1. Of these, PRO289, PRO298, which one is over 15 Å from ALA359 (Cα atoms) and within 18 Å of the chain's Cα centre (by Cα)?
2. Taking the condition of being buried (at least 24 other Cβ atoms within 10 Å of the Cβ) and touching an Asp or Glu at 6+ places or on another chain (Cβ under 8 Å), how many residues in segment 93-109 meet it?
3. Report yes if some residue within segment 50-69 is at pLDDT 95 or above, within 15 Å of VAL164 (Cα to Cα) and assigned by TED's automatic domain parsing to the domain that holds PRO137; otherwise report no.
4. Within segment 44-67, which residues are among the small types (Gly, Ala, Ser) and either farther than 27 Å from GLU159 by Cα or within 26 Å of the chain's Cα centre (by Cα) (or both)?
5. Can you go through ASP201, ASP169, ASP174 and tell me which one is under 18 Å from the mean Cα position of the chain (by Cα), surrounded by fewer than 23 Cβ atoms within 10 Å (Cβ to Cβ) and acidic (Asp, Glu)?
6. Those residues that are under 23 Å from TYR74 (Cα atoms) and not in a strand (DSSP E or B), I need them from segment 207-245; list them, please.
7. Based on what the data block shows, is GLY403 surrounded by fewer than 19 Cβ atoms within 10 Å (Cβ to Cβ), at positive phi and outside the structural domain of TYR184 (by TED's automatic domain parsing)?
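The values are calculated or read from the model by the stated rules, or taken from the named source; none is laboratory data. Quantities reported herein were computed from a predicted structural model and do not represent experimental measurements. FYI the Cβ positions are ideal-geometry reconstructions off the backbone, even for glycines, and counts take in every protein chain you see.
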Amino acid sequence: MTTEFNLSTVFATVADAVPDQEAVVWRDRRLTYAQMDARITGVANYLAAHELGRHTGRADLAGHEIGQDTVGLYLRNGNEYPEAMIGAYRAGAIAFNINYQYVEEELIYLLNDAGATAIVFHSEFAPRVASILDDVPTVRLLIQVADESGNALLPGAVEYESVVTTPADVELPDALGEDAFLLYTGGTTGMPKGVIWRQHDVYVAAMGGRPFGSPDPFTSYEQIAEACRSAGGGIRLLMTAPFMHGAAQWSTFHMFTGGGKVVLPDNVTSMDAPGWLQITEREGVMSIPVVGDAMARPLIDEIERGGYDLSGLAAISNGGAPISPGVRHRLHEALPNILILDAVGSSETGIQMNHYSAAGAEAETAVFNPEPDTTVVDEQHSRALRPGEGGGWLARSGLVPLGYLGDAAKTARTFPVIGGVRYSVPGDRAELLEDGRIRLLGRDAVTINSGGEKIFAEEVERALTAHPDITDVIVAGRPSERWGSEVVAIVALREGSTVTDEDLIAEAGRHVARYKLPKAIIRRPSIARSPSGKADYRWAKQQVAGE
């Protein structure tokens with residue numbers, strides 16, 4: 001019988017196998033797996049004592065429905081985030097991510113959409129939480145995490161540190177593989193949507209449920225335990241992205257599954273390249289995740305300044321945005337022994353494709369090796385394409401989400417049944433090449449239809465970043481009498497640059513067809529991005545509309 005994994009039991013299994021190994025290191029905190037597991041159980045006991053948990057079994061629910069109470073995590077990075085997340089699962093409830101950049105209106109929408117029963121939040125956000133509670137009637141538990149803000153405990157709230165020692169006054173339910181994992185999309189192209197996965201499915205598809213290098217999942221909890229013991233705690237990751245983004249949660253559980261150490265930067269409010277590298281050196285970090293040039297460029301700038309022993313660094317993993325060829329080359333020049341791993345995935349698919357680059361063997365830009373269950377389906381969602389048949393929609397079959405919370409219609413559109421097989425087709429355009437590799441073109445939601453031609457914003461962005469004076473770029477369309485819509489590039493340039501618009505467009509013209517070139521360049525001191533580094537296309541449209 002195949003084991004159905006759940007995230008609470010995965011962590012408990014690792015804690016039993018390697019109790020004294022460090023799980024999370026942050027500032028002066030060094031928590032072992034045993035210590036963290038005890039704190040997780042305390043959170044679960046508190047939630048269960050207040051009757052949060054599972055109310056309806058999965059068999060009685062449609063794909064867009066959940067039968068568990070929901071706990072919003074309104075937190076910056078810290079050990080409290082994974083503790084509260086796993087603690088909710090252990091109580092039979094569901095944790096979900098809250099973007100800490102949201103204003104009141106966005107928070108009200110998100111919390112009501114999720115039907116939030118509880119919120120775990122940093123004191124920094126207490127005034128905002130207080131201002132919206134009257135508009136979110138489902139919330140009945142407030143758990144406040146102390147921080148440097150000095151904000152007082154909200155009326156009715158409890159201190160997080162008192163929660164983690166809650167005794168077992170009620171029996172915790174059995175954790176199930178069918179329990180939900182709820183992840184809200186970033187909302188950079190529209191309103192955020194709650195993606196519902198079964199925990200077993202998301203664990204295997206994206207969160208470490210397969211042994212490294214194997215296409216097959218673990219077969220038992222004992223196999224996970226043995227893998228942890230064999231690894232000896234040698235895997236160390238610097239978690240640079242906010243836990244509120246799915247990729248950070250996924251990477252963290254990869255580390256937990258192997259009994260590895262998740263190291264958090266001291267600065268949790270902004271990127272601090274010197275701080276990252278100091279911690280990498282001190283903790284012997286092996287892998288640093290980045291999101292495209294927005295993170296990779298300042299990182300390599302600091303590496304090139306020198307003064308760091310990075311001999312233990314083995315890999316830089318990238319996802320969410322491309323690393324331009326120039327930045328990739330600089331990384332390999334400075335660190336010739338590292339691998340750069342580029343991965344493609346989404347909230348709706350898990351990890352779908354990847355490629356590796358090494359010094360002297362750099363991967364082709366935007367061309368990836370797909371996982372066995374990743375393919376391209378045709379325009380009409382009627383069949384999967386064969387190698388060499390060209391373009392369509394990037395898709396995944398097999399372990400895919402159940403649906404979007406509260407939205408049956410969008411669930412049916414995004415997760416169609418094609419030839420008797422259920423797929424996830426969230427909206428990325430791609431080409432299936434003759435050799436079976438896949439060229440990623442870009443998200444359809446930010447495609448620009450200009451003069452009857454479809455132009456992918458990400459493709460133009462990649463072309464522009466080839467110019468060394470560009471530190472960041474985002475591309476959007478704006479109305480045009482002649483073209484219907486025209487391409488506009490918003491660029492941030494290195495300090496002191498005197499490059500002309502014509503020079504920038506000429507460089508892009510070496511990489512993409514003439515009809516894809518920007519009709520205008522807008523210069524800004526910086527480009528708006530989410531805390532994880534993903535491009536904010538709503539902001540970009542506002543910028544081009546105002547010009």
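1. Details: PRO298 fails: within 18 Å of the chain's Cα centre (by Cα).
Only one candidate qualifies: PRO289.
2. Residues flagged as buried (at least 24 other Cβ atoms within 10 Å of the Cβ) and touching an Asp or Glu at 6+ places or on another chain (Cβ under 8 Å) within segment 93-109 amount to 2.
3. Within segment 50-69, one or more residues are at pLDDT 95 or above, within 15 Å of VAL164 (Cα to Cα) and assigned by TED's automatic domain parsing to the domain that holds PRO137.
4. Filtering segment 44-67 down to residues among the small types (Gly, Ala, Ser) leaves 44, 48-49, 53, 57, 59, 62-63, 67.
Passing the criteria: ALA44, GLY53, GLY57, ALA59, ALA62, GLY63, GLY67.
5. Details: ASP169 fails: under 18 Å from the mean Cα position of the chain (by Cα); ASP174 fails: under 18 Å from the mean Cα position of the chain (by Cα).
Answer to the check: ASP201.
6. If the condition is that a residue be under 23 Å from TYR74 (Cα atoms) and not in a strand (DSSP E or B), then MET207, MET239, THR240, ALA241, PRO242, PHE243, MET244, HIS245 are the ones that fit.
7. Taking the combined requirement at face value, the residue does not satisfy it.
Table: residues versus (1) buried (at least 24 other Cβ atoms within 10 Å of the Cβ); (2) within 18 Å of ALA116 (Cα to Cα).
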{"residue": "ASN45", "(1), (2)": "no, no"}
{"residue": "THR56", "(1), (2)": "no, yes"}
{"residue": "ALA59", "(1), (2)": "no, no"}
{"residue": "GLY72", "(1), (2)": "yes, yes"}
{"residue": "LEU75", "(1), (2)": "yes, yes"}
{"residue": "ALA84", "(1), (2)": "yes, yes"}
{"residue": "GLY87", "(1), (2)": "yes, yes"}
